[in-house]
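This report concerns only the one structure given below.
No value in this document is a laboratory result; all are computed from the given coordinates. These numbers come from a predicted model, not from an experiment. Here the Cβ positions follow ideal geometry from the backbone for every residue, glycine too, while neighbour counts run over all protein chains shown.
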Amino acid sequence: MTDNARQVIEALLLVAEDPLALGVFCEVLERPRSELEALLHELRDDYHEQGRGFVLREVAGGWRLYTHPDCAPWLERFALRHTRSRLSGAALEVLAIVAYRGPLARAQINELRGVESDGVVRTLAMRGLIEEVREGHTTGGPSLVAVSAQFLERMGLNSLDDLPPLVEFMPDTEAVEEMEARLSPSA
Amino acid sequence: MTDNARQVIEALLLVAEDPLALGVFCEVLERPRSELEALLHELRDDYHEQGRGFVLREVAGGWRLYTHPDCAPWLERFALRHTRSRLSGAALEVLAIVAYRGPLARAQINELRGVESDGVVRTLAMRGLIEEVREGHTTGGPSLVAVSAQFLERMGLNSLDDLPPLVEFMPDTEAVEEMEARLSPSA
Amino acid sequence: MVYEVRQEAFEGPLDLLLHLITKQRVDIYDVSLAEITQEYLDAVAGRPHLDLNATTGFLVVAATLLELKSARLLPSPAPEGADAQLLEERDLLLARLVECATFREAGAWVSAGLDRGGAYIPREVGLEPQLMHLAPDLLGRTTVVDLASAAGLVLAPRVTPRLDTSHVVPLRGSVKDAIVELAGALAAASKLSFRDLCGDRPEPADVVVRFLALLELFKAGAVDLGQADRFGDIDATWTGEVGAEEVLIELDDLVTATGGDS
């Protein structure tokens, strides 16, 4: 019966259009989480060891099949769509702010960057990388933005907890001291 | 290098929405038909022997991955309860193109998306959201697709004129800015 | 001292300030506002039209710099209080700059992550036809806005990666063609406005090419130019003294003489 569960897991992964949460497997298969989780890990390792053209990844709170990154050049030849246009520096900054400080209001983004960023926010929302959420699900509350599940998926993150601590990106003490010196009125 | 070809074949099968003709594999991999055909047969037998949840079948002049028939009962349960009640990104894109640019030929959709979309078009037609119309109601004219009355009704639109103007939804194209910068002598 | 203040390169005053400070090229209190202003005006003068966003952005930058500078230059009547206030302002500004630099770095990390993630292509084929009828309503919560957003993205002009060919002069042939075309039109009508000469071609590149062609014709003495008022339309009158052929020969000579790098 374990073999069968494994088979059904693979079939489910084949028809899924989003990362599938562990809970979905549990419900469909009516088996305990621990067992299914073990099977998913086993499958992932299996594909890896057998050098398959697909990989199983746990991202954005679920499991999904992806093509192996080594195959990307051939797939680009097959599907032009995947040559994505790159984001501007401004867009990446806003995306980082929303990932680390979100959910937050547009006005807060503007304030953090010291420049009006509504256009960039709109572009990111249209690309599905960020989305509007409402505080406490009440209507009439302030409209806040947060990163989307699609963003997590694209980044290969399971949740926002997997983001590296922001402190890693801070300029080092030396650079800060230098900035400070240059800003001092007595400089 | 054979291993790699096998890997790329699997990756192609994973992303394909329609059966892939042998010629497609040849084109992408630049390898002889006989070699690739042998690999496809090998893969098919592989999946069968390993008792995978998916099978590789040669149908309609091409190769495609299907779920294993034994898994059907579980997949039905999944389809009833867990398929998301929203369109996939690809389906939404095609529907948007047909709504804003239709009636248009399938080839035009593929061109606009930069990727073969016949499978998605078929799905949307099957669900009654788009339908085939004939230019000038003549027989033998090119087959065009347009959104259906059911689609309008479901979206709460009176006619296609009620769609919001597209210009509001165009991203702030970095491309336009870049072009402008290139024209300006100070760039 | 050379300042590299290009409006399009900076996203607001914080960005500019961060650049000026981290480049270690200038002390912000030494920044010559007059020079920055002049450089900016030069850049603006070369643009086909004035970008309101960039212009107001510049005003914000200039005002920020002016504020910082005046705070430093003005003698403070009550040194202690004023110093404390200045220090406080400085600390606030420093904190914002550090934040700005941090998120820029984080953005670079996000970029690398998106690139890496882009190599993984998800399976998104979905249910097989025989199961499709079991799935809930496909349109679900799809709104008109979702639809329009998807259309906006997929129908927007596609950004394609391309080689930077800006070092190649792309319009020379076109200028020649335009000279022949304009000379023909002017010889026939004897007098035409620039607007007429551009005809129904609203493309900025075409307008530029025609303008350059008109200047060449003027330089060679083939046309006389007149402009009734500032920003008004330009009238071109065919002198009949020089033909298009001669203008072209002269242009070729010029190109050869300057090593083809005009």
For C:Ile234, distant residues with modelled amide H under 5 Å away: C:Phe194, C:Arg195
Neighbour-count ranking [beta-carbon atoms within 10 angstrom, fewest first] of C:Leu248, C:Leu215: C:Leu215, C:Leu248
Order of A:Met155, A:Met126, B:Met126 - criterion: other Cβ atoms within 10 Å of each residue's Cβ, fewest first: B:Met126, A:Met126, A:Met155
Phi-based couplings in Hz for the range A:148-164 (Karplus 6.51, -1.76, 1.60; Gly and Pro marked x): 8, 4, 5, 4, 4, 5, 4, 7, x, 9, 7, 8, 5, 5, 7, 5, x
Base-10 log of normalised Debye intensity for the range A:89-183 (one unit scatterer per alpha-carbon) at q = 0.16 Å⁻¹: -0.74
Over the range C:111-151: Kirkwood hydrodynamic radius from C-alpha pairwise inverse distances, Å: 13.5 Å
Computed over chain A: relative contact order in percent, which uses C-alpha pairs under 8 Å that are six or more apart: 17 percent
Distant-in-sequence amide H partners of C:Val223 (H built 1.01 Å from N, under 5 Å): C:Phe218, C:Thr239
Anisotropy class of the range B:37-76 from Cα gyration tensor, a/c 1.5 cut: oblate
Taking B:Arg77, C:Arg141, A:Arg154 and counting other C-beta atoms within 10 Å, the order from fewest to most: C:Arg141, B:Arg77, A:Arg154
Over the range A:3-71: Kirkwood hydrodynamic radius from C-alpha pairwise inverse distances, Å: 12.1 Å
Long-range HN-HN contacts of A:Val55 with modeled amide H, under 5 Å: A:Tyr66, A:Thr67, A:His68
